[in-house]
1. So what is Rg over Rh here for segment 69-158, counting just Cα atoms and using Kirkwood for Rh?
2. Can you check how the C-alpha radius of gyration of segment 108-163 compares to 2.2 N^0.38 Å, as a plain ratio?
3. What ³J(HN,Hα) values, in whole Hz, does the Karplus curve 6.51 cos²θ - 1.76 cosθ + 1.60 give for segment 167-180 when θ = phi - 60°, with x put for Gly and Pro?
4. Given the convex hull over the Cα atoms of segment 136-180, what projected area results after averaging over all orientations, in nm²?
5. Tell me, what are the semi-axes, in whole angstrom and largest first, of the equivalent ellipsoid of segment 85-131 as set by the roots of 5 times the Cα gyration tensor eigenvalues?
6. Using θ = phi - 60° and the Karplus curve 6.51 cos²θ - 1.76 cosθ + 1.60, what whole-Hz ³J(HN,Hα) does each residue of segment 52-62 get, with Gly and Pro shown as x?
7. May I ask for the Rg/Rh ratio of segment 27-180, computed from Cα atoms with Rh as the Kirkwood radius, given to two decimals?
8. List the residues whose amide H sits under 5 Å from the amide H of Thr86, counting only those 5 or more places along or on another chain, with H placed 1.01 Å from N in the peptide plane.
Amino acid sequence: MASRSRSRARRTGLMLLVIASLCLPSTLSAQDDRRPSFLAELARGVAFDPTTYAPAIITYDARMRDWKTSQIFFQHGYLERNPKFTATGLPYDTPLTYEAGREVILRDAVVHLQVSAIHNAGTRSLERVLIERHPDKRTLIRVLGWIERTAFASYLAYQLSHQHYRQARENQRLAVTLGW
């Protein structure tokens, strides 16, 4: 299981490296007036857009805080409610080890990164089509695309993280109350 997640993380890293290399100009001439290819422009836009990474980073942080603050309860015999983090895959059962839980969280973050990248690529592709049809509205289309990507990233990050941040705060409060 751990080797699969490492393999997937390596593939994702390799994919990002290939995309980044596509973004590099083929020549370094200052006289080159050619426009970059659509794919290179798309890859560069997605790779350097913070809305591509924000949901994955925020969700990873929230889930790790929840997971870390839950460990003290597991040490005192509490069971895990989330079946994704139990050894059997059933709710209210023995939790995974800390490392195994961290790997689950990391795999999910990679999936969230992929969702954001696909969404951003689609949005940027639509922007390009609209700009080609309406070149006089280029700034408006770019601004609306930026707003849409930001709104999507914000919504996704909130939906995927708010319950985990709340649970982490509750775990900390309860641990203090119990004297742990």
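1. Values: Rg = 20.8 Å, Rh = 16.2 Å.
That ratio equals 1.29.
2. Values: Rg = 13.4 Å, N = 56, 2.2 N^0.38 = 10.2 Å.
Dividing the Cα radius of gyration by 2.2 N^0.38 Å gives 1.32.
3. 5, 4, 5, 5, 4, 5, 4, 5, 5, 5, 4, 7, x, 9
4. Details: hull surface 13.8 nm².
Averaging across all directions leaves 3.5 nm² for the Cα convex hull.
5. Working: eigenvalues 289, 19, 4 Å².
For segment 85-131, the ellipsoid semi-axes come out as 38, 10, 4 Å.
6. Each residue of segment 52-62 in turn: 6, 9, 3, x, 5, 5, 5, 5, 4, 4, 5 Hz.
7. Details: Rg = 21.5 Å, Rh = 18.3 Å.
A ratio of 1.18.
8. Leu96
No value in this document is a laboratory result; all are computed from the given coordinates. Note that this is a predicted model, so its numbers are computed, not measured. Neighbour counts are summed over all protein chains in view; Cβ atoms, including those assigned to glycine, are modelled from backbone coordinates with ideal geometry.
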